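Nothing in this text is a laboratory measurement; each read-out follows from the coordinates by a stated rule. If you're wondering where the values come from, they're calculated on a predicted model, not measured in any experiment. Because the Cβ atoms are built from the backbone with ideal geometry, glycine has one as well, and the counts that use them run over all protein chains shown.
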Amino acid sequence: MAPTIADLIERNKATLAEHTPIPTFGEIQAANGPLPTTLIVTCMDPRCIPERYFNLGVGQVVVHRNAGGNVRHALRDIGIVEELFHVAELAIVHHTDCGTLAFTEDQVRGGVKARVAREHWADVDRITFGANADLVGSVKGDVAWVRAHPLISDRLKQGCQGFVFDIKTGEIEKVDV
């Protein structure tokens, strides 16, 4: 059974005895420690954890997760990490067996409209849910979008690369753009 929020709170309590305090950004800077220079935009699928498949430690990179790893939905956060951390690299990682391959925009839009009052349907119609019919094509499209976007720095545009994570083999494959 999947854990409930109450279960999560109890699990947190069980970790407190082993918790090591995490340094603040101010403490890292005061010690001349490195701040992350890489941003990963990837899927929120709980099976796909970039800290595991890239063998990362706490604070080594910034990770942004959303449905499908859609970079367009991460624009606000890209702006923030560019300003705070001056990130120089952006890894866009999509994965095999992604849920975004299993639905259409109309399917999700219809489901949401069935749950909300008609007065909100125009809002629903303005949402792009990120349905995806082509995994490699979506990575290429995301990289092209970053490289063309006027609000993203040239440094990050040049450092942008796309990848597909294979959930069966664990391999990361670079997508040529």
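Taken over the C-alpha atoms, the range 1-91 has Rg and Dmax values of 15.5, 44 angstrom. Across the range 157-172, coupling constants 3J(HN,Hα) worked out from phi with the 6.51/-1.76/1.60 Karplus curve, θ = phi - 60°, read 4, 5, x, 8, 9, x, 9, 10, 9, 8, 5, 7, 9, x, 7, 9 Hz, and Gly and Pro carry x. Of all aspartates and glutamates in the structure, those lying under 16 Å Cα to Cα from K157, and not within fewer than 8 positions of it along the same chain, are D77, E82, E83, E89, D142, D176. Peptide packing for 95-107, 134-146 was compared via the average number of neighbouring C-beta atoms within 10 Å per residue; ordered from the highest value, the list is 134-146, 95-107.
What the phi angles of the range 126-142 give under the Karplus curve with 6.51, -1.76 and 1.60, with θ = phi - 60°, is a coupling list of 7, 8, 9, 8, x, 4, 9, 10, 9, 4, 5, x, 5, 5, 4, x, 5 Hz, glycine and proline written as x. Bridges between two residues of the chain, per DSSP, are antiparallel at a rate of about 20%.
Taking every pair of Cα atoms in the range 126-177, average 1/r, invert it to obtain the Kirkwood radius, and report Rg/Rh to two decimals.
Here the Rg-to-Rh quotient is 1.03.
What is the log10 of I(q)/I(0) for the range 19-177, computed with the Debye formula using one identical point scatterer on each Cα and no solvent, at q = 0.09, 0.11, 0.17 Å⁻¹? These q points yield log10 I(q)/I(0) values of -0.35, -0.51, -1.04. When each of the peptides 19-27, 59-67 is scored by how many other beta carbons lie within 10 Å of its residues on average, the order from highest to lowest is 59-67, 19-27. Only helices enter the 222 nm calculation for the chain: every DSSP H run of n ≥ 4 contributes -39,500 (n - 2.57), and dividing by all residues gives -10500 deg cm²/dmol, rounded to 500.
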